[in-house]
1. Whose amide H sits under 5 Å from the amide H of residue 35, counting only residues 5 or more places off or on another chain, with H placed in the peptide plane?
2. Could you run the Karplus curve 6.51 cos²θ - 1.76 cosθ + 1.60 with θ = phi - 60° over the stretch 46-54 and give me ³J(HN,Hα) per residue in whole Hz, x for Gly and Pro?
3. Taking amide hydrogens as modeled 1.01 Å from N in the peptide plane, which residues meet the under 5 Å criterion relative to residue 68, leaving out close sequence neighbours?
4. Could you sort the peptides 111-121, 95-105 by per-residue average Cβ neighbour count (10 Å cutoff), highest mean leading?
5. Each residue of the stretch 123-129 in turn: what ³J(HN,Hα) in whole Hz from Karplus with 6.51, -1.76, 1.60 and θ = phi - 60°, glycine and Pro shown as x?
Amino acid sequence: MKVAAFDIQKFGKSELSDAFVLKTLIKIVSRYDIITHHYTLEISTCLGRGNYKEQFMFLYRNDLVDLVVSYQYQDHQSGDEDAFAREPYVLRFKCHKTAVLKDLVLMPVHTKPEDSVKELDKLYDMFQNVKMKRKTDFMLRILVYEDDMLKAVVPNSENCSTSRRPTN
């Protein structure tokens with residue numbers, strides 16, 4: 001099962017009408033199972049503080065997975081309001097054609113560098129809550145972060161790569 005996360009950044013009508021950009025996106029998307037068969041689309045609400053907003057977009061092959069449930073995490077916990085600059089979007093997939101992976105939960109979050117410690121701590125709490133609620137052991141926390149977040153990673157603790165360094 002190949003899963004991808006990357007930051008397209010400013011993607012609008014002009015980028016969509018650029019043949020080179022479109023060809024490149026098609027080439028990238030066709031490598032993955034979740035993100036040429038028919039792909040289905042799931043989009044989060046607009047996220048962020050102030051005027052600048054972002055959305056999570058998920059493309060997935062509906063012949064390989066079914067979207068069971070998706071929801072925007074509500075960041076309204078008493079005493080810890082607004083922990084996330086951009087609230088995570090939770091998706092649960094039922095996987096077909098795989099003997100090992102039957103259930104997959106994705107929890108992407110795009111952290112803000114100056115709030116990353118607080119956001120990652122809150123993401124762990126959220127992860128534990130979703131794990132208990134969904135009764136699944138396989139969840140993938142997708143972190144989309146700025147390049148300066150790499151400086152915050154403890155050496156040899158985790159393999160972190162950004163969207164600018166795609167893997168095959």
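Values quoted throughout were computed directly from the atomic coordinates according to the rules given, and no laboratory measurement underlies them. Everything numeric in this text was worked out from a predicted model, so none of it was measured. Using ideal geometry, Cβ is built from the backbone for each residue, glycine included, and neighbour counts are taken over all protein chains shown.
1. 59, 60, 61
2. With the stated coefficients, the stretch 46-54 comes to 5, 10, x, 9, x, 7, 7, 10, 10 Hz.
3. 92, 93, 94
4. Values: 111-121: 15.9, 95-105: 13.6.
Descending packing order for the listed peptides: 111-121, 95-105.
5. Karplus values, whole Hz, x for Gly and Pro: 5, 5, 4, 5, 4, 5, 5.
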